[in-house]
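In what follows, a single structure is set out as structure tokens and then discussed.
The values are calculated or read from the model by the stated rules, or taken from the named source; none is laboratory data. Only a predicted model underlies this, so the values are computations on that prediction, with no experimental measurement involved. Virtual Cβ from ideal backbone geometry, glycine too; neighbours counted across all protein chains shown. Surface areas here come from the heavy atoms of the whole protein model, side chains and all, with no ligands, DNA or RNA. Shrake-Rupley method; radii C 1.70, N 1.55, O 1.52, S 1.80 Å.
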Amino acid sequence: MIFDTHAHYDDDAFDEGRDALLSGMKEAGVEYIVNVGASMASSERSIKLAEKYPFVYAAAGIHPHEAGEAGEECPAWLSRAINHEKVVAIGEIGLDYHYDFSPRDIQKQ
């Protein structure tokens, strides 16, 4: 059994052929997938994929590089997202000071 614990099949790169790819996973031996959101938008897309495919689950979160997009609504949104029945993890979160794509104080919030 293969369990893909960190996928990004919501990415634009999979727009063409996403359904064919995901529909063939079981035949290829992939039993489960956790599609990981890295922003509010990609977390929502991950949840939609999980709703569509029974073997796909979602991780919701905001990558530190995307922390600047998180406004005041983020805590309430995250609370709703992580309580969705197909969300099994909080992912792509933390602090990333190597690249400093988002200010450190924003990442900490």
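List of remarks:
- With every protein chain in place, the chain: carbon and sulfur % of accessible area (1.4 Å): 52 percent
- A straight chain from Lys48 to Arg104 at 0.36 nm per residue would run longer than the Cα-Cα distance by 17.1 nm.
- Shown here for the stretch 19-109: chymotrypsin sites (Phe, Trp or Tyr not before Pro) in loop regions (DSSP other than H, G, I, E, B) with at most 10 other Cβ atoms within 10 Å, namely Tyr97, Tyr99.
- The slack between Cys74 and Phe55, meaning 0.36 nm per residue of separation minus the straight C-alpha distance, is 4.1 nm.
- Only lysines eight or more places from Lys26 in sequence, or on another chain, were considered; those with a Cα closer than 30 Å are Lys48, Lys52, Lys86.
- Folded to 0 to 90 degrees: helix 40-52 orientation relative to the chain principal axis, Cα: 20 degrees
- Reciprocal of mean inverse Cα separation for the stretch 1-60 (Kirkwood radius, Å): 11.3 Å
- Computed on the Cα trace of the chain, the radius of gyration divided by the Kirkwood hydrodynamic radius gives Rg/Rh = 1.01.
- Neighbour count of at most 16 Cβ within 10 Å plus DSSP loop: longest GluC sites (Glu not before Pro)-free window in the chain: 28-71
- Taking the C-alpha atoms of the stretch 57-109, convex hull volume expressed per residue in Å³: 67 Å³
- Label point at Leu95 placed 7 Å out along Cα→Cβ; residues across the stretch 63-78 whose backbone nitrogen lies under 19 Å: 63-70
- The residues of the stretch 28-109 have, on average, 56 Å² of accessible surface per residue, using a 1.4 Å probe with all protein chains present.
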